Amino acid sequence: MDNNNQKKRNNYNSAPGFFRSKRFLFMLLGMILFLPPLSILPQLTGEINFCGSGTWCPRMFFLWHKGETISNYLTSLTRTYYMGVILVLGVVIVTFFFGRYWCSHVCPIGGVTEIGSKVIPEGIKLNYSTFPASAVRYGYLSVYLIAPIFAIGHLCCNYCNFLTIPRLLGAPFNSGDMSYFLRTPGIINLGLIAILGFLAKGGRAYCNFLCPVGALDALSNKIGSRLGFTKRMGIEANKCDGCGICVKPCPTWAITLEDKLLKINQFSCIPCKECMIVCPNNAIYYGRGGR
Amino acid sequence: MGKLSRFRKIAFFIGAVAISLIASHYNFRDMAKAKGELGGGKAKPVIFHSGLTKYNVLAKIAVPPSINGDIKVELRGNPEIPCRLYNYRSPVIDLGLSHFYRLDGDILKDVKPGKKPISLRIFLYPPAVDPVCGMPYEKGFLSKRHGWKTYYFCSKDCLDEFNRAPERYRGRDGLKGEYVWVFNSVKTGDELLEIPIIFKGKGEVTMPEGHVH
C-alpha cells in the first residue's frame, strides 16, 4: 500500500500519470458527448455544440435583459434554452447531493484546457496562485448578472469559453467554426483561453476566475454542505503534518498552507482528488462535512 | 494576517467588478444579426454605421413546410464587393440524428423544414468611400496616408481637394452602399427572401463644385 502511494506521489503532476487516470477518461467521455467532431448530445437537438441558437447554452439563460417581462423570460427558458437549463439544473442538483463532479470529471470545456495544459512544459506556464480566485469569480459573476438588467453591456457571449473551445475543436474541420477566429471577438477569446487555460498552471484558471456555472455550482456545494448532504474534500488535522506536498498539484490552487496549517478554499475546490492521491499521510479525505 | 487577506479579497472583488464593467462595454460593431423566413419576402434591414473594413451578418432563417429543394444564396449591389459565406450549423461528423443544411459553394443543398433554422454567416468587405465626393470606390486606385489612416480617392481632383484641406475631410471615410442578400430557389428561380444590408457611412459628404470623374 505504501509502495503504491509512493508511486502515485512520484508522478503526481506528470502528464503520463494524468493521462492514465480515471478522471481523464471521464473528461474524454464528456468531450465525445458534447464537443466536435462528434458532439453526440447536441446533434440530437439539431445543434453542433454548446453555442448556436442557445439550446445547449448553460450560461445565457441566467440573464435578465432590461425591459424583459416575466412571461418572456419563462418562454425563453422553455423554448430556447431548454437543454442548457436541464444541464445546469442537473449539475447543481448532482453537486447538492454528491459534490462537484461536473466540474472535476465531466465538464468538457475545463477538461480541454486542463488536458491541453498537461502537454505544455511546466517552465512556461503562468502561476495565478497569488490571486484570490473566488473574489475575482464572484466579482465577475455579479457584473455578469447585473449589467444586462441595467443595459450597461453584457459579458455573456463576448467572453465565453463554452463558445470558444467547441469552435476551436471544430475549426480544423469546419469553415463556419473557423470564421469565428477571423473576427476580433474570436481573437480576444482565443487569447483568454490560452492565457487562463492552456498556459495556466493546472489549466483551470478560466474556470476559477470566470466561469459562472462553476460559481453557481460552488454555491450549491456550500448550501448542500451546510445541510449535511454534499461531499467535499476535507483534512484530518491529526494526521496532517503540514508537509505541503498537496499544494502544488491542485489545479485550482484551493489549498493554502499557513504556519503548517492546511486550509482548503471550498469555493475553488473541485473534487479532482489530486491532493488526496499525493498525501503521504492519507490526511485528506473526500466526504461529508469537509472543511 | 487574517485582516490583511480579507482586505485583499475585497480589493480583488472590486477590481474584478471594475474590469468586468469595462469589459462588458466591449461591443465591436462589425457584426449584426438578421432574421428571416424563406418565402417571407423582405426582412428587416441590417444597418452598419461604423467605418471598419470587414463586416459580417449572422442570419437565422426559418424554413416553412412549403419549401423543398436547393437554395441559391447571393449578394447583390453596386459596386460588387467580395464576400464569403459560412454555414454556422454543419456538424463535422453527421451522425444522422437531426437534419442539417449543407452549403456547397453558394448553394444550400436539400433544404427542407428541420428542427432548427438555417444559420448562415456572410463576411463582407465593402469598398472604401472617397472622403471628398462620397463615392464608394474600389481600393487600389489613388490613395493617401493621413495620420493613422489610408484614404482612397476616385479621381485626381478629389485627391487634390483632400490635399488642400485634409482636416476638413478627416473621418469622412466611412463605408457606404446598399446591398441585398438574396435567397433564390434553384428549381423555380423564385426569390424567397431578401435581407438588405446597408452601410451608412460616417458624416454627410457633399460633392465639391467642379468635380469631374
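Key figures
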quantity	calculated
Cα centroid of the range B:1-59 to Cα centroid of the range A:133-162, whole Å	10 Å
Using θ = phi - 60° and Karplus 6.51 cos²θ - 1.76 cosθ + 1.60, couplings along the range B:75-85 (whole Hz; Gly, Pro as x)	10, 10, x, 10, x, 5, 10, x, 8, 9, 9
P(r) of the range A:18-226 over all Cα-Cα pairs, binned every 5 Å from zero, in whole percent	1, 7, 13, 19, 22, 19, 12, 5, 2, 0, 0
Label-point separation, residue A:178 to residue B:52 (7 Å along Cα→Cβ), nm	2.0 nm
Shielded residues, the range A:152-195 - accessible-area loss of 40 Å² or more between chain alone and all protein chains, probe 1.4 Å	A:152, A:158, A:159, A:174, A:176, A:179, A:182, A:183, A:184
Where labels lie 7 Å past Cα in the beta-carbon direction, separation of residue A:286 and residue B:35 in nm	4.5 nm
Average partner coverage of A:134-142, which counts Cβ from other chains inside 10 Å	6
Kirkwood Rh, Cα atoms: Rg over Rh of the protein assembly as shown	1.05
Most mobile of B:38, B:108, B:21 in a GNM of chain B (Cα contacts under 10 Å)	B:21
Calculated P(r) tail over 19 Å for the range A:231-291, as whole % of Cα pairs	14 percent
Vicinal HN-Hα couplings computed from phi for the range A:170-179 (Karplus, 6.51 cos²θ - 1.76 cosθ + 1.60; Hz; Gly/Pro x)	x, 4, x, 9, 10, 5, x, 5, 4, 4
Equivalent ellipsoid semi-axes, the range B:119-167, via Cα gyration tensor eigenvalues times 5, rooted, Å	25, 11, 9
Bins of 10 Å, starting at 0 and running to the largest distance - Cα pair percent for the range A:183-227	27, 37, 25, 10, 2
Rounded tilt (10° steps) of A:82-98 against the dominant C-alpha axis of chain A	20 degrees
Low-density loop cleavage sites - GluC sites (Glu not before Pro) in the range A:219-278, where at most 13 other Cβ are within 10 Å (DSSP)	A:236
Local electrostatic count, residue B:16, Cβ distance below 13 Å [Lys/Arg +1, Asp/Glu -1]	+3
Mean Cβ neighbour count within 10 Å, used as a protection proxy, ranking A:177-187, B:116-126 highest first	B:116-126, A:177-187
C-alpha long axis of helix A:184-193 to longest principal axis of chain A, angle in °	10 degrees
As computed over the range B:84-194, the Cα convex hull volume per residue (Å³)	155 Å³
Cα gyration tensor shape for the range A:88-145, rounded if a/c is under 1.5, else prolate or oblate	oblate
Euclidean distance between Cα centres, the range A:168-214 to the range A:232-246, Å	35 Å
Kirkwood-Stokes translational diffusion coefficient of the range A:124-217, alpha-carbon pairs, 37 °C, 0.692 mPa s, µm²/s	231 µm²/s
With 10 Å bins from 0: P(r) over the range B:1-139, alpha-carbon pairs, percent	9, 28, 23, 17, 12, 8, 3, 0
For chain A, accessible area per residue (1.4 Å probe, heavy atoms of protein chains only), Å²	43 Å²
More than 19 Å apart - percent of Cα-Cα pairs taken over the range A:155-291	58 percent
20 Å cut-off, amide nitrogen to a point 7 angstrom out along residue B:146 Cα→Cβ, residues in the range B:52-84	B:52-53
Carbon + sulfur, % of accessible area of chain B - ligands and nucleic acids excluded, 1.4 Å	54 percent
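The values are calculated or read from the model by the stated rules, or taken from the named source; none is laboratory data. Just so you know, these numbers come straight off a predicted model, no measurement behind them. No Cβ is skipped: glycine too gets one built from the backbone with ideal geometry, and neighbour counts run over all protein chains shown. Note: accessible area is taken over every heavy atom of the protein model, side chains too, but ligands, DNA and RNA are not part of it. Shrake-Rupley method; radii C 1.70, N 1.55, O 1.52, S 1.80 Å.
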